[in-house]
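Here the structure is laid out as structure tokens; the discussion comes afterwards.
The values are calculated or read from the model by the stated rules, or taken from the named source; none is laboratory data. Quick caveat: nothing in here was measured; it's all calculated off a predicted structure. Here the Cβ is made from the backbone with ideal geometry for all residues, glycine too, and neighbour counts use every protein chain on show.
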Amino acid sequence: MRIVIAEDDPLLREGLALLLRAEGLDVVAKTERPEPFLEAVDEHKPDVAIVDVRMPPTHTDEGIRAAVEARRRRPDLAVLVLSAYVEQAFATELLSAGASGLGYLLKERVGRVEQFLEALHRVADGGTAVDPEVVAQLLTRTRPDAGLDRLSAREQEVLAIMAEGLGNGAIAERLFVTEGAVHKHIRSIFQKLDLNPSDSVDRRVTAVLRYLEDSRRRS
Amino acid sequence: MSAFLARRARSTLDALEHLVGGLGTAILAVATLLWVLLTAALCVFGVGLLIVPATARIVHTVADRERGRISRWGEEVISPPPPPYSLRVVTDRTFHRELGWLVTHATFGFFVGLVGITLPLDVVHDGTLPLWWWAVPEFVAAPSLGWWTVTDWPGAFFVAFLGLMCAVVIMIIGPGLAWVQAWPGRALLPPSADVDLNLRVAELTATRAAALDAHAAELRRIERSLHDGAQNRLVAVTVLLGAARRALGRDPATAVEIIDRAQDAAELALAELRTVARGILPPVLADRGLAGALEGLAVSSGVPVSVDVDVAVRCPASTEATAYFVVAETLTNIAKHSGATSASVMVRRDGDTLLARITDDGKGGADEKAGSGIAGMRRRIEAHDGRLTLTSPPGGPTTLEVELPCGS
């Protein structure tokens, strides 16, 4: 897997590269500003880009804009955005054009190396990775009568993990249940929330996030 | 003694400059006074009533010039709102006060200004008399203030001595003259008490808004330095620890190396947290007071700094912190930009005001608009309802004066 890193903090950039290389992954370029990052994407044709949200010059959302631009140039590029804190607007901006091959994680998740690598691979394979914190914020801020209260406690749990971008198998693993049970829960969730069921993880995640986002906006 | 003379000479030159400036506004005042008298005369025939508003406007404009002039030295004279430019102006208090000033300044101020510029000319005339008295016709060579003519060398030197005496007199009474000339303006041109209160409310509202702005900017700065500093360091620690945990089974030697790096990152995080905490309120200020804290700054400064702090009663923490930051930033500026070989810091408490003066012997030419951080200091000081004055002529010296109210 060929990876380009865009991160302005030197310590974190090197740490990330060290970790990925130790796992046998191919870090082809490390950049610290948006423009060199885009050049590196053009030049090295990586499979995945790992991008920090805050980058020079203004340290606001340069990383998000660079990620969106990189995706515009190379639609098949997988992008994993790392952020120091959860900013709902950034996540929404990033995922608004479809969540396939996209991830938005808090920086500290990188330390949980197994989960981070799993998310990285998922994104590289065209899947989605949404930080549990983002999902949790959407869930808690959603209006109580948005339909969520019709879900059972277990179904809410499944919904949250699904929104992170995990597939049925992974959800089953995390909840210690069979895949068949997860499948049943998901069918029930989609029914109660009037969502279009689908097998593709990306479409499921998008549907769930849209639903949460919409019900939040209406409230 | 020579330092005293130099100081005295400087204040005399300042005084002469003020007297000449005062003569300028006095000439304007004379012309305006004539116009006012003409207007009054025309009012007897009725037509003058038509030009009363325009006349009031002229009087206010001229008064504003004097306000601006005397505000440049000594206490600032705030401009009251203009009187109504209509016939109602004849009952307006501000207009009455401005008229009172106009009459005084056009007569008394004009006379003082004339004296102020005549005396130095006399010094030059009399002082140089021995150089040229023999070359001019007999009755031309005479002292400026005297009724005899010079016909021989002793007489010429006597007149030169008179010139010297005249110079001494200027040095003694010059500053007083300038003060006397500006006095009617200082007494009559500020807003009267009721108007002053309204202005004060408006000013306080503005500075309160500035305080909130400065506060928000300060919070943003702290948030930014926490996110970009300590937090990033801690994230790096978790990343490195994660990598070390993975490496432990495969290659213990590498794992130890990575843990070392993680420890370094954690120490960096601690150092940055300390910096942020110190930026909020320097602990040294709480421990050692303003004097001790400033001594500490002086010791670590790039140029030799003499510190003279005499503050008997301590001020509120936020005031002391502001004074501390202003001195710290100014000393940094001096070390970085001024090329000075020494600097001095003086801090005094005068009633309810904390005064700080920072001077260096550098090349001067500091410009607030050139983004030297002075604008930021000014915002911070004005947020405390204080005042910052920067004097930095090209060639130096540069003096920064700060007044911070520290009463409750």
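The table below lists the values:
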{"read-out": "Helices (runs of 4 or more DSSP H) contained entirely in region B:135-252, each with at least 3 residues that are at pLDDT below 90 and within 14 Å of chain A (Cβ to nearest Cβ)", "value": "B:193-225, B:232-250"}
{"read-out": "Strands (runs of 3 or more DSSP E) within region B:316-408 that include 3 or more residues under 15 Å from the mean Cα position of the chain (by Cα) and of a type outside the set (D, E)", "value": "B:353-360, B:387-391, B:398-405"}
{"read-out": "Residue check for B:L281: of a type outside the set (K, R), within 13 Å of chain A (Cβ to nearest Cβ) and surrounded by 13 or more Cβ atoms within 10 Å (Cβ to Cβ)", "value": "no"}
{"read-out": "Residue in region A:150-166 that is at pLDDT below 85 and either under 21 Å from A:L120 (Cα atoms) or loosely packed, with under 15 Cβ neighbours inside 10 Å (or both) present", "value": "yes"}
{"read-out": "Residues of region B:76-113 that turn out to be touching a His at 6+ places or on another chain (Cβ under 8 Å) and hydrophobic (A, V, I, L, M, F, W, C), as a count", "value": "1"}
{"read-out": "Helices (runs of 4 or more DSSP H) contained in region A:1-81 and holding at least 3 residues crowded, with 19+ Cβ neighbours inside 10 Å, modelled with pLDDT of 90 or more and within 11 Å of another protein chain (Cβ to nearest Cβ)", "value": "A:10-22"}
{"read-out": "Residue selected from region A:94-114 under the condition in a helix (DSSP H, G or I) and buried (at least 16 other Cβ atoms within 10 Å of the Cβ), by the criterion farthest from the other protein chains (Cβ to nearest Cβ)", "value": "A:L95"}
{"read-out": "First in region B:254-271 and within 12 Å of chain A (Cβ to nearest Cβ) and closer than 11 Å to B:A230 by Cβ, second anywhere and among the hydrophobic types (A, V, I, L, M, F, W, C) and crowded, with 17+ Cβ neighbours inside 10 Å, Cβ under 6 Å, 6 or more apart", "value": "B:A265/A:L11; B:A265/B:A236; B:A265/B:V237; B:A266/B:V237; B:A269/B:A230; B:A269/B:L234"}
{"read-out": "Meets criteria (without any contact (Cβ under 8 Å) to a residue 12 or more places away in the chain, in contact with an Asp or Glu (Cβ under 8 Å, 6 or more places away or on another chain) and buried (at least 20 other Cβ atoms within 10 Å of the Cβ)) for A:A129", "value": "no"}
{"read-out": "Extreme residue, surrounded by the most Cβ atoms within 10 Å (Cβ to Cβ), among residues of region B:102-121 that are within 24 Å of B:L164 (Cβ to Cβ) and free of Cβ contacts under 8 Å to residues at least 60 places away in the same chain", "value": "B:L119"}
{"read-out": "Candidate set from region A:102-119 (those that are in contact with an Asp or Glu (Cβ under 9 Å, 6 or more places away or on another chain) and free of Cβ contacts under 8 Å to residues at least 40 places away in the same chain); member that is nearest to B:G229 (Cα to Cα)", "value": "A:L106"}
{"read-out": "Looking only at region B:342-376, and only at residues there that are hydrophobic (A, V, I, L, M, F, W, C) and modelled with pLDDT under 85, the one that is surrounded by the most Cβ atoms within 10 Å (Cβ to Cβ)", "value": "B:A366"}
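Yes or no, residue by residue, for (1) assigned to a loop (DSSP other than H, G, I, E, B); (2) assigned by TED's automatic domain parsing to the domain that holds B:R221; (3) surrounded by 17 or more Cβ atoms within 10 Å (Cβ to Cβ):
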residue	(1), (2), (3)
B:R274	no, yes, no
B:G296	no, no, yes
B:V299	no, no, no
B:V307	no, no, yes
